[in-house]
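Read-outs throughout are calculated quantities, based only on the coordinates presented, and are distinct from any laboratory measurement. Everything numeric here is computed off the predicted structure, so don't read it as measured data. FYI the Cβ positions are ideal-geometry reconstructions off the backbone, even for glycines, and counts take in every protein chain you see.
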Amino acid sequence: MDVFGLTDYATTLALVAVLILTFYLFGRRNFSYFKELGLSGPEPISHLGNMMEMNKLGFTKVFKHWREIYGDVYGMYFGVVPNCVVTDPEFVQEVLVKRFSNFVNRTVS
């Protein structure tokens with residue numbers, strides 16, 4: 001069977017290439033989120049975000065390491081989900097107490 005003048009093998013190869021490209025682009029789509037906001041953070045890996053580095057060093061060490069590099073507020077990714085990390089106690093109080101009504105549907109961890 002020919003599709004667009006291509007043989008079965010060429011059609012299959014083209015479809016696989018399109019699927020791989022789509023999968024890759026889907027995994028990278030959110031990774032410009034913090035750059036657009038002007039927030040620094042560790043460079044994520046496609047589909048995994050920063051999970052590999054967290055797995056290698058452990059949560060406590062990696063968050064301490066990132067705080068030393070990027071400061072009290074930075075962005076990181078759990079898979080493809082962007083997360084803003086805040087370690088400054090005054091800023092945390094500002095968000096959770098003084099301006100809580102602006103952040104009602106945010107996760108706290």
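Results, tabulated for the structure shown:
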{"item": "Given charges at beta-carbon only (K, R positive; D, E negative), |dipole| of the chain in Debye", "result": "300"}
{"item": "Relative contact order (%) - criterion: Cα under 8 Å, at least six apart; region: segment 1-91", "result": "25"}
{"item": "0 to 90° range, to nearest 10: angle between helix 59-70 axis and the chain longest Cα axis", "result": "80"}
{"item": "Helix-only mean residue ellipticity at 222 nm for the chain, each DSSP H run of n ≥ 4 adding -39500 (n - 2.57), per residue, nearest 500", "result": "-13500 deg cm²/dmol"}
{"item": "√(5λ) per eigenvalue of the Cα gyration tensor, the chain, largest first, Å", "result": "40, 17, 10"}
{"item": "Highest average packing first - 30-40, 48-58, 73-83, Cβ atoms within 10 Å", "result": "73-83, 48-58, 30-40"}
